[in-house]
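Coordinate-derived values only; no laboratory data. A quick note: this is a predicted structure, and the numbers were derived from the prediction, not measured. Neighbour counts are summed over all protein chains in view; Cβ atoms, including those assigned to glycine, are modelled from backbone coordinates with ideal geometry.
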Amino acid sequence: MAVLVGKKAPGFTAAAVLGCGTIVDDFNLAKRTQGKYVALVFYPLDFTFVCPTELVALDHRLEAFQERGVEVLAISVDSQFTHAAWRNTPVEQGGIGPVRFTLVADVSHAIVRDYDVEVEGACVAYRGTFLIDRQGVVRHQVVNDLPLGRNMDELIRMVDALQFFEAHGEVCPAGWNKGKKGMRADAEGISNYLRENSVEL
């Protein structure tokens with residue numbers, strides 16, 4: 001499994017279903033997300049089981065991502081037409097309904113391979129999540145096995161942590177949440193932080 005953190009996020013152009021339901025053949029990552037943070041969420045397949053719970057959870061939190069300037073993209077190896085059919089299937093029937101973020105179609109598997117999240121022998125993607133900053137650099141990466149659904153609130157927390165660091169230059173200790181103190185990344189900073197907060201860790 002490749003570690004992409006600290007590296008330029010692999011670019012791509014692919015067919016996609018936009019959040020408004022429009023199908024496009026040439027969704028380009030760099031052009032569509034220029035100057036934005038990106039939450040790139042890989043999932044195994046449309047019309048499966050854990051996957052709709054994750055994408056519905058993403059849609060329920062879309063305003064929180066948008067408030068933070070984050071473009072949400074979900075990717076699987078399904079076609080844009082299967083994505084569209086899944087969006088047109090009500091949640092109560094196992095679909096995802098009209099989610100408001102882009103669904104990218106990686107039928108060639110080129111994107112899942114570039115991000116190194118393809119399940120060997122199964123030809124689907126692991127549940128890979130990548131947070132990309134405004135310069136196109138991967139800042140956070142986590143990959144779950146197929147049975148393990150993700151916590152989308154944790155992805156929001158990572159966005160908050162990155163933006164806090166960018167704004168204040170302080171690092172975010174274990175369990176940090178928005179509104180809590182950060183700390184300076186030096187010996188005095190860690191000593192002061194642990195003196196005041198170690199019991200709560």
Straight-line reach from residue 178: which aspartates and glutamates have a Cα under 17 Å away, not including same-chain ones fewer than 8 places off? 63, 67, 153, 154, 160, 166, 170, 200
Förster radius 25 Å - calculated FRET efficiency between residue 5 and residue 108, Cβ distance, rounded to 0.05: 0.50
Counting residues in the chain as N, plug N into 2.2 N^0.38 Å and put the Cα Rg over that result. 1.09
